[in-house]
Every structure is written in structure tokens, then in C-alpha cells.
Amino acid sequence: MRTEKEESGMEHCPVCEKSVERTETPMDCALCGKRASPGRVCAEGHFVCDDCARLRDTLLAHATREGADRRNPVAILAGLMDEPDIPMHDPVHHILAPAALLAAYHRSGGAVNLSRGMTEVVRRGRRVPGGTCGFWGACGAAIGAGIFMSVITGTSPYSDSTWGLCNLATARCLEVMGALGGPRCCKRTSFLTVHTTALFVEEHLGVTMSLPEAIRCTHSSRNGECIKERCPFFGD
């Protein structure tokens with residue numbers, strides 16, 4: 001039987017890094033914002049539900065895993081997509097894309113606190129609802145590019161030049177997605193996001209991540225709305 005520590009995987013608060021205690025009392029999660037139970041809470045009152053704690057731990061595990069492809073955000077993203085509890089379509093992709101970019105950026109020499117950065121990726125990505133691609137005209141994975149850029153540049157609504165960079169990164173991803181058309185595919189838009197944003201980072205920040213010569217999707221058989229040969233990653 002797994003212990004509580006193994007089950008949650010969290011020893012310190014991801015918000016302030018102070019020690020945490022297990023609680024069954026429903027509280028508002030500091031990451032997803034939802035009222036949930038069970039979870040862990042620190043002395044500062046930051047509560048993190050088990051779902052967010054497990055997700056953050058999974059992201060950090062992939063980010064710190066050894067291997068030749070750790071500078072490759074596409075490879076990291078593919079590994080995250082292959083996790084057994086990741087659905088074909090789900091708002092979690094709004095987190096997976098920026099998380100893969102953050103991990104590869106860190107491994108490629110980018111100056112960022114990986115642990116705190118991943119916390120912000122989860123916190124901000126959790127608040128991007130599903131269906132924004134069709135209902136808002138802004139795919140959540142592309143918004144994830146802006147989240148990633150904001151995290152690594154320390155951008156806020158009051159920033160100057162980096163404010164523009166964050167919006168340009170999102171816009172570039174949306175332009176590439178819009179040119180391909182729909183319907184939705186969380187895998188396609190996530191692959192497009194990490195590839196497009198990695199090139200954007202090299203162009204504007206001078207940090208070069210590793211990218212594959214080709215990207216092949218292995219999830220098309222799971223997607224009843226797959227556009228097949230119209231998708232640059234179709235290979236089934």
C-alpha cells in the first residue's frame with residue numbers, strides 16, 4: 001500500500017516551498033482555484049489538491065528525467081501525452097505544451113527556476129477552460145505558449161517589451177493553427193505550439209532548443225475528428 005507521501009508526491013508547498021500537512025478539509029486549491037479535497041496545506045494557508053499535486057509532480061519528473069532528448073520539447077511533450085491518464089482531448093494540454101517548453105528551455109541553458117516555473121504553468125494553465133479554440137477563437141495550447149513566455153521572462157500586465165513578446169508568441173502559434181484549420185485536435189495544436197514557440201524563443205531570446213527533423217503523431221487512431229493527411233504530423 002502506498003503511503004500518503006507517495007500518494008501525493010508533494011513534500012513542500014509548490015507556492016512558497018514551506019512544509020505541508022495532509023488535510024481532508026475542502027479548501028480552494030491555490031493552483032486550479034477549485035474547492036477540493038483531499039490535499040495538502042502549508043503554514044501560509046496554500047492548499048494544493050491531490051490532482052494538481054500529481055500533475056505537477058508528473059511534469060517535473062519528465063522535466064528532470066535524464067536522456068539525450070531532454071532539450072527537445074517535442075520529445076518531452078510526446079512523453080507526457082503517452083501518460084496513461086492523459087485523454088485524447090482535454091484542457092490538460094493547455095498545461096502540457098508550456099510545461100514541455102519550460103523543461104526544454106531549462107535544459108537548453110535558459111535562466112528559469114524550474115520548480116517555481118512549473119507551479120506557475122500549472123496554476124495559469126488550469127484556468128484556461130476547454131473549448132476556447134472554437135468558442136473564443138484562441139486555442140488553449142497557443143495560450144500556453146504565452147504562459148510559457150510570460151513565466152520565463154517574468155512578464156506581468158505592466159511589463160513593456162516582454163509584454164509584446166508574450167502576445168507575439170501566442171499570435172504566431174494561432175496563425176499556424178488557423179492556416180491548417182479545424183476541427184480541434186489537442187495533439188496537433190500542442191505539437192504546433194511547442195515547435196513554433198521553440199523557434200520563436202531562438203529568434204527572440206537566443207536560446208536554442210533541440211527539434212526533430214519530423215514529428216509523427218501516434219494518437220490519430222484515438223481521434224474521431226482527425227484530419228489525417230491534412231495534418232503535418234499524420235503517420236498512421
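The values are calculated or read from the model by the stated rules, or taken from the named source; none is laboratory data. Because the structure is predicted, anything quoted here is derived from the model rather than measured. Cβ atoms come from the backbone with ideal geometry, glycine included; neighbour counts cover every protein chain shown. Surface areas here come from the heavy atoms of the whole protein model, side chains and all, with no ligands, DNA or RNA. Shrake-Rupley method; radii C 1.70, N 1.55, O 1.52, S 1.80 Å.
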Here, PHE234 and GLU24, labelled 7 Å along Cα→Cβ, have an inter-label distance in nm of 5.2 nm
Would you rank CYS185, CYS16 by solvent-accessible area, highest first, keeping every protein chain in place and using a 1.4 Å probe? CYS16, CYS185
In debye, nearest 20: dipole of the chain around its Cα centre with unit charges on the Cβ of K, R (+) and D, E (-)? 300 debye
Cα-projected label distance for GLU203 with ALA61, points at 7 Å along beta-carbon direction, nm: 3.6 nm
Given the peptides 188-196, 207-215, arrange them by the average over their residues of other C-beta atoms within 10 Å, most packed first. 188-196, 207-215
Taking the Cα centre of the stretch 2-156 as the origin and placing charges on Cβ (Lys, Arg +1; Asp, Glu -1), which of VAL92, VAL112, GLY39 is farthest toward the positive end of the dipole? VAL112
What helices does the chain hold that run 20 Å or longer along their axis, going by alpha-carbon atoms, with a Kyte-Doolittle average of 0.0 or more, using DSSP H for the helix calls? 93-107, 161-180, 186-205
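Using a 1.4 Å probe on the protein heavy atoms, what percent of the accessible area of the stretch 103-236 belongs to carbon and sulfur?
On the way: 3440 of 6440 Å².
For the stretch 103-236, the apolar C and S fraction of the accessible surface comes to 53 percent.
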Once you put a point 7 Å from the Cα of ALA179 and another 7 Å from the Cα of SER115, both along the Cβ direction, what distance in nm separates them? 4.1 nm
Among THR197, SER19, CYS29, whose Cα sits farthest toward the positive end of the charge dipole of the chain (+1 at Cβ of Lys/Arg, -1 at Cβ of Asp/Glu, about the Cα centre)? THR197
At what distance in angstrom do the alpha carbon centres of the stretch 80-135 and the stretch 171-236 lie from each other? 15 Å
Once phi is turned into θ = phi - 60°, what whole-Hz ³J(HN,Hα) does the Karplus curve with 6.51, -1.76 and 1.60 give for every residue of the stretch 216-229, x standing for Gly and Pro? 10, 7, 10, 10, 4, 5, 8, 10, x, 10, 4, 8, 6, 4
Taking H placed 1.01 Å from N in the peptide plane, check which residues at least 5 places from LEU31 or on another chain put their amide H under 5 Å from its amide H. CYS49
Relative contact order of the chain, defined on C-alpha pairs under 8 angstrom at six or more residues apart (%): 17 percent
Cα-based Debye curve of the chain sampled at q = 0.08, 0.09, 0.15, 0.18 Å⁻¹ gives log₁₀ I(q)/I(0) of -0.29, -0.37, -1.01, -1.37
